[in-house]
Amino acid sequence: IDIVYEDDDVMVINKKSGVVVHPAPGNYSGTLVNGLMYLSKDLSHVNGEFRPGIVHRIDKDTSGLLIVAKNDKAHRILAEELKEKKIKRKYIALVSGVINHDIGEIDAPIGRDPSDRKKMCVTSVNSKDAITHFRVLERYKNASLIECELETGRTHQIRVHMQYINHPVVGDDKYSFANTRKDTLGQMLHASKIQFIHPTTKKLVVVETKLPEYFLDILKEIENS
């Protein structure tokens, strides 16, 4: 487990792609929570015994930063910050196709896909508001490197929204094109920056992390081609 920030109340973890955050039916071991419980007994219990410390989640095949609360007081304060949109999260994604405009906002409600209960989709039926802001960092021949900032935190939000505008995340076998590359260790999506008000000191905490090596290797390959 890569702990990039820690104090008496909070840890910020840099999760590897392929790691499930917490146990669930069919996947009770090898999760981030299993590792955290091995390392520390100081985890909040607000979310119950299967999700100790977990304030928010990122997908199994998304890498990057997430906050872990080490006590119940910190957890409740951070959960309220999340609800009030005071926690800021930025992601780096490689998406299919060339996005011509430099910045954009996707404001499209997300709900469960009626044809596949394991997927989400943009829909007006039983959905919640979802807003993603993005800017283009680099353009390649058939792809774009973008930075996304979440205004809301819906399940699979960036993946669903980028598919919605016909620029799905490269390597995403759930929402991408059928011919997406298979050597990406999951979708090319990395939670690169997170900032929050510390639950005790009330000071701003900003944590950033670099792209993982496999992500950088694929970018180099694309640049060279």
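The values are calculated or read from the model by the stated rules, or taken from the named source; none is laboratory data. Quantities reported herein were computed from a predicted structural model and do not represent experimental measurements. Here the Cβ is made from the backbone with ideal geometry for all residues, glycine too, and neighbour counts use every protein chain on show. Accessible surface is based on the protein model in full, side chains and every heavy atom, while ligands, DNA and RNA are left aside. Shrake-Rupley method; radii C 1.70, N 1.55, O 1.52, S 1.80 Å.
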query: Between their Cα atoms, which of LYS15/LYS83; LYS85/LYS203; LYS174/LYS210; LYS85/LYS202; LYS88/LYS193 are more than 19 Å away from each other?
result: LYS15/LYS83; LYS174/LYS210
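Please give the per residue accessible area of segment 84-225, computed with a probe of 1.4 Å over protein heavy atoms only, in Å².
Solvent-accessible surface per residue comes out at 54 Å².
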- prompt: Using the Cα gyration tensor of segment 131-188, with a ≥ b ≥ c the square roots of its eigenvalues, what is the shape: rounded (a/c below 1.5), prolate (a/b larger than b/c) or oblate (neither)?
  reply: oblate
Shape category assigned to segment 72-220 from the gyration tensor of Cα positions, a/c cut at 1.5: oblate
- request: For a label point 7 Å from the Cα of ILE197 along Cα→C-beta, name the residues of segment 72-87 whose backbone N is under 17 Å from it.
  value: 73-87
task: Over segment 82-139, calculate the relative contact order: mean separation of alpha carbon pairs under 8 Å at least 6 apart, over the residue count, as a percent.
output: 35
message: Along the Cα→Cβ direction, 7 angstrom out, place labels at ASN126 and GLU138. What is the inter-label distance in nm?
response: 4.2
statement: Subtracting the Cα-Cα distance of GLU221 and LYS119 from 0.36 nm times their residue separation yields 33.7 nm
